[in-house]
């Protein structure tokens, strides 16, 4: 009953014909006005399109006005490897020789072809056929690697080994289209494009443009394997061998490094999120590559081992450790200390202020199942009682639960971790006695241990006999 037609009929039925005719006229005028607006918009869009075509004809560029561009539907960036490789993108994997570039690339190829859930901690968001151009690898080695990784023979990976054909870039386009590939690897770049001077910006740009166009037209991501500068300590895009045009043409640059301790990878993204420097684990037996966590965490773990070794026979402050550890930055030393404390590997004492800085020492854990934490006290002379039997409450060199002694934590003996039999104290009682008139009394005072009331009954250096 609320439509314009129903309202007009209602007005006529109630004898208000004039109002009905006026209402119908108003509605028709509104319809004509809206149709005129739509027509004008269409005509304006057509004029803008024709104008853009004329400009494109004159300049060779497909120019679009801002108003037309704004009305185009939004395009979301689609990823092949989440936040790293986009569909229809161009990327480069760079490292010095023998760093594992080809090994990593084949791992990524298998992950995408196999629809693996993730790779190096980032999701594989699309799967499909892969084209792999191994332009300097031995065919037998490529075969062996895929076999070691456990790649099934029906996996959609299409491999070319040997030199590139004439018109190599156009042949790559055909191979991608015929195989319906979502991912293609060119290993290495220079064997495909054959650029005479990699440092010539103009030549490099012209050589890479067709590859970008193939990727955009087919929706296949193309990964180029390339070398890093030799002998030059450069980071990021500056580490790429050749002109900066290489880095500038890429949607993603993956930078691998190898040193005596680690192999790492990091990324710089035009789209997505940069991958922080990540440790790579290479399994020699299977040929598989996995993430070993962030480089920062790996360095903290390595530094932690150094700290534990330093504290094996002494207590140290954080400042002293930073001065002693030269292979790691101060921030890594601090992070390692916090992690070791959190995990109960070391103890921290002191107030953390001037005059009472934090000092660190190793924590000794009981080898049993109770989980009790023990501290070892220096060996003290065994004191026989009146009937010539030994006091079993506290024996030399035996781990003592914390709740049984009021020990001074500054007197841990962190390198004595084993439960020692009663007949084999780990210290020589005579050598361990401080040069004092009444050393046992001194030890009682320091450790809060009552040994005996009569100094004459103390037999320094006496040990229990083995049974």
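The values are calculated or read from the model by the stated rules, or taken from the named source; none is laboratory data. Note that the structure is a prediction, hence the values are computed from the model and not measured. Cβ atoms come from the backbone with ideal geometry, glycine included; neighbour counts cover every protein chain shown.
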Subset tally (residues that are within 22 Å of residue 131 (Cα to Cα) and surrounded by 15 or more Cβ atoms within 10 Å (Cβ to Cβ)) for the range 196-209: 2
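Each row is one residue, and each column tells you yes or no for (1) at pLDDT below 90; (2) closer than 16 Å to residue 349 by Cβ; (3) in the same structural domain as residue 356 (by TED's automatic domain parsing).
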residue	(1), (2), (3)
302	yes, no, yes
308	no, no, yes
312	yes, no, yes
316	no, yes, yes
326	yes, no, yes
331	yes, no, yes
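Condition check ((1) out of contact with any strand residue (DSSP E or B) (no Cβ under 6 Å at 6 or more places or on another chain); (2) surrounded by fewer than 21 Cβ atoms within 10 Å (Cβ to Cβ)) across all residues:
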{"site": "70", "(1), (2)": "yes, yes"}
{"site": "73", "(1), (2)": "yes, yes"}
{"site": "82", "(1), (2)": "no, yes"}
{"site": "89", "(1), (2)": "no, no"}
{"site": "92", "(1), (2)": "no, no"}
{"site": "106", "(1), (2)": "yes, no"}
{"site": "129", "(1), (2)": "no, yes"}
Any hit, the range 184-200, residues being touching a strand residue (DSSP E or B) at 6+ places or on another chain (Cβ under 9 Å), at positive phi and modelled with pLDDT of 95 or more: no
Single residue of 38, 24 found to be part of a helix (DSSP H, G or I), surrounded by 12 or more Cβ atoms within 10 Å (Cβ to Cβ) and modelled with pLDDT of 65 or more: 24
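Per-residue answers, yes or no, for (1) in a loop (DSSP other than H, G, I, E, B); (2) farther than 22 Å from residue 263 by Cα; (3) touching a residue at least 12 places away in the same chain (Cβ under 8 Å):
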residue	(1), (2), (3)
98	yes, no, yes
104	no, no, yes
107	no, no, yes
123	no, no, yes
130	no, yes, yes
Test: residue in the range 177-193 that is loosely packed, with under 14 Cβ neighbours inside 10 Å, in contact (Cβ under 8 Å) with a residue 12 or more places away in the chain and farther than 22 Å from residue 158 by Cβ: no
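Count, please, the residues in the range 218-250 that happen to be in a loop (DSSP other than H, G, I, E, B) and either at pLDDT 95 or above or surrounded by 14 or more Cβ atoms within 10 Å (Cβ to Cβ) (or both).
Qualifying residue count, the range 218-250: 8.
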Top-ranked residue in the range 109-121 [being surrounded by fewer than 19 Cβ atoms within 10 Å (Cβ to Cβ) and either at negative phi or part of a helix (DSSP H, G or I) (or both); ranked as nearest to the chain's Cα centre (by Cα)]: 118
Odd one out for residue 143 among (1) in contact with a helix residue (DSSP H, G or I) (Cβ under 9 Å, 6 or more places away or on another chain); (2) free of Cβ contacts under 8 Å to residues at least 60 places away in the same chain; (3) assigned by TED's automatic domain parsing to the domain that holds residue 268: (1)
Tally, over the range 255-303, of residues that are within 30 Å of residue 88 (Cβ to Cβ) and in a loop (DSSP other than H, G, I, E, B): 10
